[in-house]
1. Please count how many residues of the range 31-52 are touching a Gly at 6+ places or on another chain (Cβ under 7 Å) and free of Cβ contacts under 8 Å to residues at least 40 places away in the same chain.
2. Does ASP103 satisfy the criteria of being closer than 30 Å to THR41 by Cα and of a type outside the set (Gly, Ala, Ser)?
3. Which of the residues that make up the range 26-62 are exposed (fewer than 15 other Cβ atoms within 10 Å of the Cβ) and β-branched (Val, Ile, Thr)?
4. Mind telling me which of the residues ALA101, ALA128 ends up being open to solvent by 30 Å² or more (accessible area, probe 1.4 Å), of a type in the set (Gly, Ala, Ser) and at pLDDT 90 or above?
5. Taking the condition of being free of Cβ contacts under 8 Å to residues at least 60 places away in the same chain, of a type outside the set (Asp, Glu), outside any strand (DSSP E or B) and surrounded by 13 or more Cβ atoms within 10 Å (Cβ to Cβ), how many residues in the range 72-91 meet it?
6. Just need a number here: residues in the range 1-47 that are over 29 Å from SER170 (Cβ atoms) and modelled with pLDDT of 90 or more.
Amino acid sequence: MGVTVPNQLYTAQDLLGGFNPWDPMGFTLSRDFAIYREFATEGGPVPTSLTVRAARAAHDAAIADALRIFLKTVQRPLVGVMGGHSLPRDHAAYKAIAYLARDLAREHFLLVTGGGPGVMEAAHLGVAFSSFESVGRLDEAIGLISAVAKAPILDDLFTDTWTIKDDKLSAIDDARKWLK
């Protein structure tokens with residue numbers, strides 16, 4: 001069991017470190033994928049033991065505590081954005097959420113999400129482009145990333161020895177393209 005208890009919120013580098021956007025297996029080189037593999041090997045949503053369950057609970061409590069400490073330092077209104085992972089980048093709602101997040105950030109709101117794809121990604125994209133006067137750059141970015149509109153489903157990914165199944169290699173490359 002390798003669940004570690006963080007002492008601060010994760011950064012993008014913490015999770016995406018090792019990702020290689022040019023290697024077809026580049027997604028599997030990220031820390032995020034290593035965490036996912038560990039999650040899967042330890043029973044996924046149904047932990048294999050009470051020890052694993054306790055370690056996950058300690059991790060989640062540490063993240064919650066780090067978030068509580070961070071939010072004490074924030075001197076601006078907070079907006080939480082949660083939503084479906086399955087919202088594709090080329091959907092009108094994705095664009096609407098990105099625009100809303102852009103406008104809220106421009107009004108000095110702090111947006112927080114669960115960090116997933118879909119709705120939450122749209123919010124992050126809007127915030128990232130909030131410093132541009134025109135929405136043209138945001139529209140351009142949405143157009144570019146819509147070439148890979150939806151995060152691939154990566155279920156039933158592993159063999160009994162926790163290697164990636166041969167018939168899932170294209171899904172891994174799709175994940176790389178989506179993340180790139």
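1. Matching residues across the range 31-52 total 2.
2. no
3. If the condition is that a residue be exposed (fewer than 15 other Cβ atoms within 10 Å of the Cβ) and β-branched (Val, Ile, Thr), then THR41, VAL46, THR48, THR51 are the ones that fit.
4. ALA128
5. Summing the residues that are free of Cβ contacts under 8 Å to residues at least 60 places away in the same chain, of a type outside the set (Asp, Glu), outside any strand (DSSP E or B) and surrounded by 13 or more Cβ atoms within 10 Å (Cβ to Cβ) in the range 72-91 gives 3.
6. Residues flagged as over 29 Å from SER170 (Cβ atoms) and modelled with pLDDT of 90 or more within the range 1-47 amount to 1.
The values are calculated or read from the model by the stated rules, or taken from the named source; none is laboratory data. If you're wondering where the values come from, they're calculated on a predicted model, not measured in any experiment. Note that we place each Cβ from the backbone using ideal geometry, even for glycine, and neighbour counts take in every protein chain shown. Protein only, heavy atoms only, side chains kept; ligands, DNA and RNA dropped before computing areas. Shrake-Rupley method; radii C 1.70, N 1.55, O 1.52, S 1.80 Å.
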